[in-house]
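The values are calculated or read from the model by the stated rules, or taken from the named source; none is laboratory data. What you see is a predicted model; the values in this text were computed from it and never measured. Cβ placement follows ideal geometry from the backbone for every residue including glycine, while neighbour counts extend to all protein chains displayed. When the accessible area is computed, the model is the full protein with side chains, heavy atoms only, and any ligands, DNA or RNA have been set aside. Shrake-Rupley method; radii C 1.70, N 1.55, O 1.52, S 1.80 Å.
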Amino acid sequence: MKYLVMVQGSQADYEAMKGGASETSPAWSEQDMQAMYAFMSALNDDLAESGELVDAQGLVEPARTRHVSLGTDGKPVITDGPYGETKELLAGYWVLECASLERVTEIAARVLECPQPAGAPVYPVVIRPIDEGTGDV
């Protein structure tokens, strides 16, 4: 079964990774960033070696995102980020092919071990099974 494993973040978190502290997130040092990148690289290498990694990507900061919604007139309404009404957004993901929900849960728990500065927010890792059905009833 394939699973989408997601990590979240806020614009403040992205700013902190660039060295700008906020009341919700301490500034990250170059060493903090290197530790995170090394951890993620090792995790991705392990998942590739086990054959479970289908894809993994980090996403750009919320300030560079765009929402497209439907207006009351039926026409698209385009809003550029960041979005004050949304605290956390998808920050990165893995698409994994795992033998069981238990195995993908073990991997999600490992993601939570990623090093970060003391006081940085810790978000849950979200697991969503990917529906590979044909749509036939």
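Taking residues in region 1-26 that are under 26 Å from Ile130 (Cβ atoms), and partners anywhere that are open to solvent by 30 Å² or more (accessible area, probe 1.4 Å) and among the acidic types (Asp, Glu), the pairs with Cβ atoms closer than 6 Å and at least 6 places apart or on different chains are Lys2/Glu97; Gln8/Glu88; Ser10/Glu88. Which residue is farthest from Pro115 (Cα to Cα), if the candidates are limited to region 35-77 and must be surrounded by 10 or more Cβ atoms within 10 Å (Cβ to Cβ) and β-branched (Val, Ile, Thr)? Per the criteria, the residue is Val77.
Among the residues examined, Gly81 does not qualify as at pLDDT below 95, of a type outside the set (S, T, N, Q), open to solvent by less than 30 Å² (accessible area, probe 1.4 Å) and under 18 Å from Val126 (Cβ atoms). Criterion applied to Ala35, Ala42, Ala48 was being under 18 Å from Tyr123 (Cβ atoms) and either modelled with pLDDT of 95 or more or of a type in the set (Lys, Arg) (or both), and the one residue passing it is Ala35.
Going through region 35-57 one residue at a time, which ones are outside any strand (DSSP E or B) and either closer than 18 Å to Leu90 by Cα or under 16 Å from the mean Cα position of the chain (by Cα) (or both)?
Met36, Tyr37, Phe39, Met40, Ser41, Leu43, Asn44
Filtering region 79-129 to residues that are part of a loop (DSSP other than H, G, I, E, B), under 24 Å from Ala35 (Cβ atoms) and without any contact (Cβ under 8 Å) to a residue 60 or more places away in the chain leaves Leu112, Val122. Just to be sure before I move on: is Glu132 in a loop (DSSP other than H, G, I, E, B) and either farther than 13 Å from Glu52 by Cα or among the charged types (D, E, K, R) (or both) in the structure I sent? So Glu132 fits the description; yes. Take Arg103 and tell me if it is modelled with pLDDT under 95 and basic (Lys, Arg). Judged against the criteria, Arg103 is not a match. Ile107 falls short on exactly one of the conditions (1) open to solvent by 70 Å² or more (accessible area, probe 1.4 Å); (2) closer than 13 Å to Leu4 by Cβ, and that condition is (1). Can you confirm whether Val60 is within 17 Å of the chain's Cα centre (by Cα) and at pLDDT below 95? It is true that Val60 is within 17 Å of the chain's Cα centre (by Cα) and at pLDDT below 95. The set of residues in region 2-34 being of a type outside the set (Ser, Thr, Tyr), at negative phi, open to solvent by 40 Å² or more (accessible area, probe 1.4 Å) and outside any helix (DSSP H, G or I) consists of Lys2, Leu4, Gln8, Lys18, Ala21, Glu23, Ala27.
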